[in-house]
Amino acid sequence: HRAEADALPARYVNPFIGASTNIDAAGAYHGLGKTFPGATTPYGMVQVNPNTITGGDNGSGYSYEHTTIEGFAMTQMSGIGWFGEMGNFLVMPTTGELTKVAGKEDGRMAGYRSTIDKSSEKATAGYYSVRLSDYDITVEGTATPRCGMLRFTYPEHAQSRIQIDLARRVGGSSDEQYIKVVDENTIDGWMRCTPECGGWGNGDGNANYTVHYYATFSHPLKNYGIWSAEIPDGFVRKRDEVDSMPYMQLVASAPVMTGVSEITGKNLGFYTEFATRQGETVEMKVAISYVDIEGARKNYEAEIKDKTFDEVVSQATDLWNRAL
């Protein structure tokens, strides 16, 4: 049995190694790996990762020293600084009254970000989980090469929710986004990211890409809404600007539209609400493509459509064992 266990190297992986970006909090200048602890597969295109901060030198979107989480992204880079890149399709489970911005960790602006129970945080090769203390929600993430999957375990609440910041990007904002409610379980769309809206090197890295997505929810989309912030022409949307109070106030004051199933905008958000029982789980599957929405849908059907969460975790672990 010992020999068999030793042949499974994924069990020795600690994804938290290097997951530090904060010089002051870490107490060291060197050794900040700027890695992320989220779920991915070897050379995978999707990284299901908790994001604790937007931009700056926190290019991986996460730092172990941070005490709050503002969402879980589907794309992430590892070992990068200089304003960072990706961190697209930021998903957050919440309860209670809807808020449209993550807010500030220091409390200057309230938002949907949540403190986390660090003792609950767990990461293995291909799996991540944490408890959001503010909502009493446990979040679990796993991935296939081109898809991500999130499982949320809710408390009893009449107003539970999954919300998505479609504009968010680690080092700035996406330039334009599109969303369509396809049916009562599915959304698709895209997010176009350009250097003019920041990203790698605050735009100087010239990152220019479009993330197309196809996402399904295990709980039907019966009570959903979209918000679209009116961003004035000429308003700079790089990291320092989108993290500023004036910009966040623009988003926070955006009107919520119900009954709208398709829209393009500069700063879009989406939510779906439902009542939950204590311990009820709701799952979300997200496929992406850098080519088109049809490619994202095909990735969904090929890799994750009929798989359970536990099956995806097992598959990811197997891929890591083989690669290691």
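The values are calculated or read from the model by the stated rules, or taken from the named source; none is laboratory data. Since the structure is predicted, the reported quantities are computational estimates derived from the model, not experimental observations. With ideal geometry, Cβ positions are generated from the backbone for all residues, glycine too; neighbour counts draw on all protein chains shown. Just the protein is used for accessible areas: all its heavy atoms, side chains included, with ligands, DNA and RNA removed. Shrake-Rupley method; radii C 1.70, N 1.55, O 1.52, S 1.80 Å.
Below is a table of values for the structure above.
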{"read-out": "Residues of the range 277-296 classified as more than 20 Å from Gly141 (Cα to Cα) and either surrounded by 15 or more Cβ atoms within 10 Å (Cβ to Cβ) or in contact with a Gly (Cβ under 7 Å, 6 or more places away or on another chain) (or both), total", "value": "2"}
{"read-out": "Failed condition for Ala254, given (1) part of a helix (DSSP H, G or I); (2) of a type outside the set (Asp, Glu); (3) open to solvent by less than 70 Å² (accessible area, probe 1.4 Å)", "value": "(1)"}
{"read-out": "Count of residues meeting criterion [open to solvent by less than 20 Å² (accessible area, probe 1.4 Å) and either assigned to a helix (DSSP H, G or I) or at pLDDT below 85 (or both)] in the range 9-19", "value": "1"}
{"read-out": "Near pairs, Cβ below 9 angstrom, 6+ apart or cross-chain, from the range 290-304 (part of a helix (DSSP H, G or I)) to any residue that is of a type in the set (Asp, Glu)", "value": "Ile293/Asp188; Ala296/Asp188; Arg297/Asp188"}
{"read-out": "Looking only at the range 68-80, and only at residues there that are β-branched (Val, Ile, Thr) and touching a strand residue (DSSP E or B) at 6+ places or on another chain (Cβ under 6 Å), the one that is farthest from Cys193 (Cα to Cα)", "value": "Thr68"}
{"read-out": "Enumeration of residues in the range 284-306 that are in contact with a Leu (Cβ under 7 Å, 6 or more places away or on another chain) and charged (D, E, K, R)", "value": "none"}
{"read-out": "Considering residues of the range 297-309 that are open to solvent by 70 Å² or more (accessible area, probe 1.4 Å) and either in contact with a Ser or Thr (Cβ under 9 Å, 6 or more places away or on another chain) or of a type in the set (A, V, I, L, M) (or both) only, the residue nearest to Pro93 (Cα to Cα)", "value": "Lys305"}
{"read-out": "Positions within the range 121-137 being free of Cβ contacts under 8 Å to residues at least 60 places away in the same chain and open to solvent by 40 Å² or more (accessible area, probe 1.4 Å), in sequence order", "value": "Lys122, Arg131, Ser133, Asp134, Asp136"}
{"read-out": "Of all residues making up the range 201-232, the number that are open to solvent by 30 Å² or more (accessible area, probe 1.4 Å) and of a type in the set (Gly, Ala, Ser)", "value": "1"}
{"read-out": "Neighbours by Cβ (under 7 Å, 6+ apart or cross-chain): first from the range 163-186, on the phi > 0 side of the Ramachandran plot; second in a strand (DSSP E or B) and open to solvent by less than 10 Å² (accessible area, probe 1.4 Å)", "value": "Gly172/Gly198"}
{"read-out": "Condition broken by Tyr112, with the remaining ones in (1) in a loop (DSSP other than H, G, I, E, B); (2) surrounded by fewer than 20 Cβ atoms within 10 Å (Cβ to Cβ) satisfied", "value": "(2)"}
{"read-out": "Test for Pro232: is it in a helix (DSSP H, G or I) and not small (Gly, Ala, Ser)", "value": "no"}
{"read-out": "Search result, residues across the range 143-165 that are surrounded by 19 or more Cβ atoms within 10 Å (Cβ to Cβ) and in a loop (DSSP other than H, G, I, E, B)", "value": "Thr144, Arg146, Tyr154"}
{"read-out": "Qualifying positions in the range 30-87 - open to solvent by 10 Å² or more (accessible area, probe 1.4 Å), assigned to a loop (DSSP other than H, G, I, E, B) and of a type in the set (A, V, I, L, M, F, W, C)", "value": "Leu32, Phe36, Met45, Ile53, Met77, Ile80, Trp82, Phe83"}
{"read-out": "Matching entry among Gly148, Gly201 (being in contact with an Asp or Glu (Cβ under 9 Å, 6 or more places away or on another chain) and not polar (S, T, N, Q))", "value": "Gly201"}
